[in-house]
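Please treat every number below as a calculation from the coordinates, not as lab data. As the structure is a prediction and not an experimental result, all values here were calculated from the model. Virtual Cβ from ideal backbone geometry, glycine too; neighbours counted across all protein chains shown.
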Amino acid sequence: MDKPRWAAQEDAILLQPVLVTGKGFYVTVGALGVLVLVGVASYVIQFNNGLGVTGLNYPVSWGFYIVNFVFFIGISHAGTLISAILRLSQAEWRRPITRVAEVITVMVLGIGGMNIIIDLGRPDRISSIFLYGRYQSPLLWDATSITAYLTASTVYLYIPMIPDIAILRDAVDGGWRKTFYSVFALGWTGSKRQHRVLNRAITILAVLVVPIAVSVHTVVSFVFSMTVQPMWHSTIFGPYFVVGAIFSGIAALLVIMAILRRIFHLEDYLQPIHFNYLGLLMLVMVLLWSYFTFAEYLTTYYGNEPAEMRVFMTKFDGQYSFGFWAMVFFNVVIPLPILAINRTRTITGTVVAAVSIMIGMWLERYIIIAPTLANPRLHQYATGSYVPSLVEIGIMVGCFSLFALFYVLFSKIFPIVSISEVREGRKETLAIVEERVRRYTPGLGRLTT
Amino acid sequence: MNTTGTKKGWSLTRARTLDGRLVLRLQLLVLAGFTVFAAGVIAWIGRLIYISWAWQDVFSASIGIALVAVPVFIVLLTIVIYTFWGLVFGKEPESADEMRNLER
């Protein structure tokens, strides 16, 4: 049988997952679909019976759902923010990883936001936010900034993808896919005028999404720090959350890159050097996160304020000590030596560190939320504890599976590595970098004026 | 950036069998959808400002948030319309040389 026209193209391996459907795709979608159904079934149980089927109680009114919300919003920083920073700083090695990262943002923001609705005992009352929301509530700041970030990230994912959609439009022979790609390719022909428009739009968006991304996790932290609850009412919570978000975001990106590299045979595109550079970035974030955590806990300890100390001690030596020390172990003890030593900062090494950090950062969210609610400032009225129920665990499994399912479906519709950016890099990178080096190195002189 | 996308895209687009008008209508529909969404968010923020003013419920906070949020959505909408317009109506080559390059 003759090979299809697209198979002869440069970078055909990037088109293959979109244009050829193997058995593995159906098996993966089926398996993930079953896990998503577990989540849906769990939610149906909760919807029918109310929040009584969860481990939530008085005074611990936030549990796994809010932990997952903060965690998912955190890893959303893997994508658009990192991609925008790398694009603006003209890091040439970014090209194969930008889309991998941007997709994460769009998927997890949606799932993170969904956890808030799941946390509502009466989800029908979400309409009250639209009709009677009060802007002095940080929860509404969250709703606004997450909507802005999700919208900006979706546009930022779509616009650089237009040339790739045009490639697909020209590669498929007909049917609904031809119509679909034709609609979203916006008549892309690669003309100079179109390139000018696209580049201008991407640059403006890249500048716009950085402050929006920073604002999102700052505002998420405000949900906690604007209260006067012990170990929440902290002025460094904004930057602490942003650092934690970028930290877990890079970890998520590395894990997904490794999976895609293995499944789609992208060894030529996602090279050890990408893992090495991101590993170094993650090393910086390990140190920054450790510094913020140390500053936060030392201030609490030195202040010795009774309500704060109750929470502090429950984390250090009490009911939540296992979670706290596990967090330190997974976030610092495992990744720090792996990432600090050149020899271990390999693909396997960075992925081990990244998985460890994802576990550690999930625990960090849990350790921030549950102990404070279990030991509130007005503890004389109520103290408590929190043990998640099977329903919450089922919904959590469903959420993580939904993320994976969305990612698989996306990679079936669009190339997961930007073909156009890779081609552009192949053709222009050396000249661009040479020109840049000439510009800042004394005595080399410039090639162009 | 001047090498992205398909060089043959232009000629292939010309030769496509799809009804170009249908594609354009669908594109306009997607653009209209996004416009309605952005306008909806802005209208929602406007409503919250109105409520806070009518109920004398910390009007300043609503204005403060709106001053940041509304321009973001306006800029996003502008970028989308600009890109849509620039690409859909900017596909023709600017010179004979460029046309030859695209068709090659």
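The peptide list A:194-201, A:210-217, put in order of mean Cβ contacts within 10 Å with the highest first, becomes A:210-217, A:194-201.
Counting only the Cα atoms, the protein assembly as shown fills a convex hull of 188 Å³ per residue. Shielding value for A:195-203 is 5, the average number of Cβ atoms from other chains within 10 Å of each residue's Cβ. Counted by Cβ distance under 13 Å from A:T429, the other residues give a net charge of 0, where Lys and Arg count +1 and Asp and Glu count -1.
By the beta-carbon count within 10 Å of each Cβ, the least crowded to most crowded order of A:L278, A:L131, B:L26, fewest first, is A:L131, B:L26, A:L278.
Report the residues of region A:179-215 in range of a label on A:L88: point 7 Å along Cα→C-beta, backbone N strictly under 16 Å from it. Of the residues in region A:179-215, A:200-215 have backbone N under 16 Å from the label point off A:L88. Every pair of different Cα atoms in region A:255-375 enters the Kirkwood calculation, which places the hydrodynamic radius at 15.7 Å.
Note on B:27-34: average number of Cβ atoms from other chains within 10 Å of each residue's Cβ is 2.
When each of the peptides A:255-268, A:233-246, B:34-47, A:61-74 is scored by the mean number of other C-beta atoms lying within 10 Å of its residues, the order from highest to lowest reads A:61-74, A:233-246, A:255-268, B:34-47.
Using the structure shown, select from A:K427/B:K91; A:K23/A:K412; A:K412/B:K91 the pairs with a Cα to Cα distance greater than 24 angstrom.
A:K412/B:K91, as the Cα separations exceed 24 Å there.
Strictly greater than 20 Å: what percent of every Cα pair in region B:37-92 meets that? In whole percent, the share of Cα-Cα pairs in region B:37-92 beyond 20 Å is 41. Averaged over peptide B:72-84, the number of partner chain Cβ atoms lying within 10 Å of each residue's Cβ comes to 6. Each Lys or Arg adds one and each Asp or Glu subtracts one; over the other residues with Cβ under 10 Å from the Cβ of A:E10, this totals +1.
Take the Cα pairs of region A:364-404, get the Kirkwood Rh, then feed it into Stokes-Einstein at 37 °C and 0.692 mPa s and tell me D in µm²/s.
Once the numbers are plugged in, D ends up at 272 µm²/s.
A simple count of charges around B:A54, restricted to other residues whose Cβ falls under 14 Å of its Cβ and scoring Lys, Arg +1 and Asp, Glu -1, yields +1.
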